[in-house]
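Notes follow the structure.
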Amino acid sequence: MTLTVRVIAPDKTVWDASADEVVLPSTTGQLGVLTGHAPMLTALDTGVMRVRADKNSNWQAIALLGGFAEVDEDEVTILVNGAERGDAIDLEAARKAYNEAQTKLNQTSSEDRQAQIQANQAFKRARARFQAAGGSV
């Protein structure tokens, strides 16, 4: 038995294939899904989703920019605000964006709440893309 996994962003379907295992960045922590998982609906945070097609293959990383996941009868449907496969991300460009976002977040004044929220969101996006590309933080 395998899972049918679909990652759907507003502009494209990022992943549509079978998998043995999926790890999702839910808002309450990492969530693993195997065949036979109980039906559920969960909110997703900005982070890295990992998919393994079979026990003999490597994990594939996908940067997710928040959304929802539904698991029902070995089908995992993931609707997100944005997504990008790790193998399509330039590691050095992602590293540079991550470092810049981290610097901006550290320099943002705690008194300017709106700027702090925006800097934190940009940092989470940059970190997810960097990690999906294979970077380590």
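The values are calculated or read from the model by the stated rules, or taken from the named source; none is laboratory data. In this text the structure is predicted, and so the values were computed from the model without any measurement. Every residue, glycine as well, gets a Cβ built from its backbone with ideal geometry; the counts of neighbours run over all protein chains shown. To get the accessible areas, we keep the full protein, side chains included, count just its heavy atoms, and leave off ligands, DNA and RNA. Shrake-Rupley method; radii C 1.70, N 1.55, O 1.52, S 1.80 Å.
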Of ALA133, ALA128, ALA101, the only residue that is open to solvent by less than 90 Å² (accessible area, probe 1.4 Å) and over 27 Å from LEU34 (Cβ atoms) is ALA101
Picking from VAL33, VAL7, VAL23, the residue that is open to solvent by less than 50 Å² (accessible area, probe 1.4 Å) and either free of Cβ contacts under 8 Å to residues at least 40 places away in the same chain or not in a strand (DSSP E or B) (or both) would be VAL23
Q: Evaluate the following for VAL71: is it crowded, with 18+ Cβ neighbours inside 10 Å, out of contact with any Pro (no Cβ under 9 Å at 6 or more places or on another chain) and among the β-branched types (Val, Ile, Thr)?
A: no
Review point. Regarding ARG95, is this residue more than 30 Å from THR4 (Cα to Cα), modelled with pLDDT of 95 or more and open to solvent by 60 Å² or more (accessible area, probe 1.4 Å)?
Key: yes
